[in-house]
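Report on one structure; see the data block that follows.
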Amino acid sequence: CEYLGYPSPGSATSDPTHCWPTATTQDHLSRVAFVSRGARGALVDNNIASVAVLAGTASSSPAYDTHHVLRATRSVVAGRAQSLGTQQAFVPPQTGTSAVMPKWTDLRIYVTADFDIGSGISVAFGVKGQFWVRPDRVQAGQQQSQMFPATVFPIDQRSLQVEERELLRLLDAVYKMMQQATTAAQNPTVQVYLWDTVTYEHLVRVIGRHLPAIIGNKQLKHLAWLFPPETVVANPDVSDRKSPLTIVRDVVRAIVAAPVPHYYSLLNVAREYHSTHTQAPYNQFQVPGLFEDPLSDQIPSERAHEIWSRATGTRPWNVQLQQLERTVKTRLSALESVSKRLEDDLRQQLSQTAPRIADLGPPTLPAKMSYDGRLWYVFAKLNSALTELEVQQTRAMPPHEREARFR
């Protein structure tokens, strides 16, 4: 909508005829996130024309059977409508679980990546970590737990050389976390948490863009298989449910109902659905107003161009750079808090085991085989692993979703 009317911080009261306030006034069904236009039309045809009416419609209602998306997500759609009315975030019953989130991992690594949507050049990388194991697994003289504070790697110039430098620094930070965990405990496990597939796809893109520099680094080259680009063969051993990556937004989309209208962004979800250990005022996850878009999870590209062009005036570039770092650190905290809340809420349903740090890296190739034969062998194992992952993801669905998706 060209006249969104989102009440951004510091702005005057928006026109009541703009889209955002109009949807609020009308209690429009578009306020329920992830409900498509076609699904809304099916609800209206069944005399469900507002969020309040939808909230009062039981998930067993025949109205959900009139559209395949509603039929598959009936529990969570009804829960999201109720959440908008009660202003409480929760996991509705009969929403299934996650096939890619481990029940426990020794080392948790949280990663963010923002980029300019025009050029595809990164704006900033961020990483944060936490390590904890039981006392009986600690090596002599080592710590049982360790916190790795949020670190930001800004790309302050519109340059692929600067992007490569900061990418290598990000991978080096991840490598050092893994090394310290390996030194502290025997066979530690690891899981990397990202917010959405946009972040994952960008990391895959920049890994492929700077692959020669990564492969040329003896310490970091095995991390290329953490986000494998098209030019390397993924490791079948960590491509099934033992994947070292968890896309948190996919889990949130499948099972969480939060009082967030229209779009589930990381910051808006975290403000309503966060770990109980995140107390006020840290549970507000406040960032500078111009660094947040209500309908996107990326930092607006305009902020990157103001930094790259060394802009002056009311928002000089050096101040923007400081605010960029603050925003990335806040988003890392939000990602950590949402992930821990999901672990707590799904503790009884999760069964996946996180992969060991030692398992990360390129696939193991058989000896005494031609080069072409090795590729065929690895691709056959990879296809088998992906087929197994698809089965596991199906089993994580509730029965009504399996039926609606013909599984």
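The values are calculated or read from the model by the stated rules, or taken from the named source; none is laboratory data. Remember, it's a predicted structure, so these values are computed and weren't measured experimentally. Reconstructed Cβ throughout: ideal geometry from the backbone, glycine too, with neighbour counts over all protein chains shown. For accessibility, only protein heavy atoms count, side chains too; no ligands or nucleic acids. Shrake-Rupley method; radii C 1.70, N 1.55, O 1.52, S 1.80 Å.
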Please work out which residue is surrounded by the fewest Cβ atoms within 10 Å (Cβ to Cβ), limiting yourself to the range 120-156 and to residues that are in a strand (DSSP E or B) and small (Gly, Ala, Ser). Ser145
Of the residues in the range 298-313, those that are in contact with a helix residue (DSSP H, G or I) (Cβ under 6 Å, 6 or more places away or on another chain), open to solvent by less than 70 Å² (accessible area, probe 1.4 Å) and either modelled with pLDDT of 95 or more or not in a helix (DSSP H, G or I) (or both) number 2
May I ask you to say which residue of Asp116, Asp136 is of a type outside the set (Lys, Arg) and without any contact (Cβ under 8 Å) to a residue 12 or more places away in the chain? Asp136
Go through (1) touching a residue at least 12 places away in the same chain (Cβ under 8 Å); (2) not in a helix (DSSP H, G or I); (3) not hydroxyl-bearing (Ser, Thr, Tyr) one by one and return the number of the condition Leu170 breaks. (2)
Which numbered condition Ala224 misses (of (1) farther than 13 Å from Gly361 by Cβ; (2) of a type in the set (A, V, I, L, M, F, W, C); (3) surrounded by 21 or more Cβ atoms within 10 Å (Cβ to Cβ)): (1)
Is it the case that Thr86 is of a type in the set (Ser, Thr, Tyr) and within 22 Å of the chain's Cα centre (by Cα)? no
Given the structure, is Leu386 farther than 28 Å from Ala184 by Cα and touching a residue at least 12 places away in the same chain (Cβ under 8 Å)? yes
Being touching a strand residue (DSSP E or B) at 6+ places or on another chain (Cβ under 9 Å), open to solvent by 20 Å² or more (accessible area, probe 1.4 Å) and at pLDDT 90 or above is the filter here, so list the residues in the range 227-245 that pass it. Leu245
Within the range 44-67, tally of residues that are out of contact with any helix residue (DSSP H, G or I) (no Cβ under 6 Å at 6 or more places or on another chain) and closer than 17 Å to His400 by Cβ: 6
Subset of the range 288-297 that is open to solvent by less than 20 Å² (accessible area, probe 1.4 Å) and not acidic (Asp, Glu) - its residue that is farthest from Phe125 (Cα to Cα): Pro294
Given the range 314-407, what helices (runs of 4 or more DSSP H) lie entirely inside it while holding 1 or more residues that are in contact with a Phe, Trp or Tyr (Cβ under 8 Å, 6 or more places away or on another chain) and either surrounded by 18 or more Cβ atoms within 10 Å (Cβ to Cβ) or among the polar types (S, T, N, Q) (or both)? 317-345
